[in-house]
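Structure record follows, encoded as structure tokens.
The values are calculated or read from the model by the stated rules, or taken from the named source; none is laboratory data. Everything numeric here is computed off the predicted structure, so don't read it as measured data. Positions of Cβ are generated from backbone atoms using ideal geometry, with glycine treated the same way; all protein chains shown enter the neighbour counts.
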Amino acid sequence: MAAGSSAASSGTAEGDVLKALSQIIDPDFGTDIVTCGFVKDLLIDEASGEVSFRLELTTPACPIKDMFEQQANEVVARLPWVKKVTVTMSAQPAKPIFAGDLPAGLQRISNIVAVSSCKGGVGKSTVAVNLAYTLAGMGARVGVFDADVYGPSLPTMVSPENRLLEMNPEKRTIIPTDYLGVKLVSFGFAGQGRAIMRGPMVSGVIDQLLTTSEWGELDYLVIDMPPGTGDIQLTLCQVVQQFGIPHLFDLPIRPTLSASGDSGTPEVVADPQGEVAQTFQNLGVCVVQQCAKIRQQVSTAVTYDKSIKAIRVKVPDSEEEFLLHPATVRRNDRSAQSVDEWTGEQKLQYGDIPEDIEPEEIRPMGNYAVSITWPDGFSQIAPYDQLQMIERLVDVPQPTAVQS
């Protein structure tokens, strides 16, 4: 950040601007945009009364980016010494929370959205494809993965110029095809048509198509899951962390929506102003907001506060925050290494864990647990419901200086 004349007045001017911007609340995070870290490159010239800054959002598909820009202009312009305000918008998608656990091909994808149903023929592929092109229309970088080997539907729903997947012989990776800026991978583009395969063979093909494709940097990868609950679904669920989006949308029954599945042009592309497109627009907004909310909640649900040597817990969708002693958490491990699976006998003894033990790393695992790595190399899976049952810290230690 830079400012104008003297250090004192500059600091005051900067504080005024940030205070004004802190009035703008992100409705998904429930926090002001300054605390969220959205305000970048703040420049102030008090002599001319000019202020410029950039709002860096977490997704280019943010449905309220125009509102943020307008509000930022208005609140800063109200400062008595400000004559001109220049706001620029940008997006820096957050890195995948689970990137370290993902295959290389998926590590630069910010959000993976799986569209599934237990029954075939209910419009799942239609929803997946139209959602993908809606998100792309909102400014996001999007890919679609058709996970149905037995009857891939993506080739009939889109019309890419190149209808065959290409291989990169040096990297031994798959290069997705492209239609209207959306990256596409389907067994139907592999030149094989439909496949007659079973069990492990199917799972292997799906895994190869998904994880070895050069997806590059994507904001959203939409997976069109095959119907049912068999081997393919289990394989994909090992890759995709499962979260629910608690919203219901009614899709109008329109002949054009059904026909678009065979026309090669998604309905939201063919009629972007129509009723169907509006419904998918609402769905796209919901997906963007929920992905951002889930990411924020999960990434901060369980953290280690080194200044008080305590683990902070705030379970997603709960307003309650509580503290746990690290040693207590470690002693309550219920894995086979700590408790005999057959007899229930406690193998890990109280004295085995030092009172001053500290976690080395805490990482989220879906919306149900965290993985805690301890100094002895042990990785403990701690479900949220278990953490809620552990004895809590009542006498909170006084904060101590933390050396960086």
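Before moving on, here are some points about what is shown:
- Selection count, the stretch 8-38, where residues are assigned to a loop (DSSP other than H, G, I, E, B) and not β-branched (V, I, T): 9
- Note on the stretch 346-372: residues that are among the basic types (K, R) and farther than 12 Å from R331 by Cβ total 1.
- Residues located in the stretch 145-181, provided they are of a type in the set (S, T, Y) and either loosely packed, with under 14 Cβ neighbours inside 10 Å or over 13 Å from L209 (Cα atoms) (or both): Y150, S153, T156, S159, Y179
- Residues that are under 14 Å from G30 (Cβ atoms) and out of contact with any Phe, Trp or Tyr (no Cβ under 9 Å at 6 or more places or on another chain) within the stretch 283-294 comprise just one, Q289.
- Subset of the stretch 190-234 [outside any loop (DSSP other than H, G, I, E, B), in contact with a strand residue (DSSP E or B) (Cβ under 7 Å, 6 or more places away or on another chain) and either under 23 Å from Q290 (Cα atoms) or at pLDDT below 80 (or both)]: L218, D219, Y220, L221, V222, I223, D224
- Scanning the stretch 74-123 for residues that are modelled with pLDDT under 85, of a type outside the set (A, V, I, L, M, F, W, C) and under 13 Å from the mean Cα position of the chain (by Cα) turns up Q92, P93, K95, P96, Q107.
- Every residue from the stretch 40-84 that is among the acidic types (D, E), touching a residue at least 24 places away in the same chain (Cβ under 8 Å) and under 23 Å from Q289 (Cβ atoms): E56
- Every residue from the stretch 364-380 that is hydrophobic (A, V, I, L, M, F, W, C) and either more than 15 Å from L348 (Cα to Cα) or modelled with pLDDT under 90 (or both): M365, A369, V370, I372
- Residues satisfying the stated conditions in the stretch 282-315, i.e. of a type in the set (K, R), assigned to a helix (DSSP H, G or I) and either within 30 Å of I357 (Cα to Cα) or in contact with a Cys (Cβ under 9 Å, 6 or more places away or on another chain) (or both): R295
- Residue identified as part of a loop (DSSP other than H, G, I, E, B), surrounded by fewer than 16 Cβ atoms within 10 Å (Cβ to Cβ) and either among the polar types (S, T, N, Q) or under 25 Å from the mean Cα position of the chain (by Cα) (or both) among E341, E355, E319: E319
- Filtered residues of the stretch 124-143 (kept if among the aliphatic types (A, V, I, L, M), assigned to a helix (DSSP H, G or I) and either at pLDDT 95 or above or under 19 Å from the mean Cα position of the chain (by Cα) (or both)): A128, V129, L131, A132, L135, A136
- Count of the stretch 39-68 residues, restricted to those that are outside any strand (DSSP E or B) and closer than 28 Å to L221 by Cβ, is 11.
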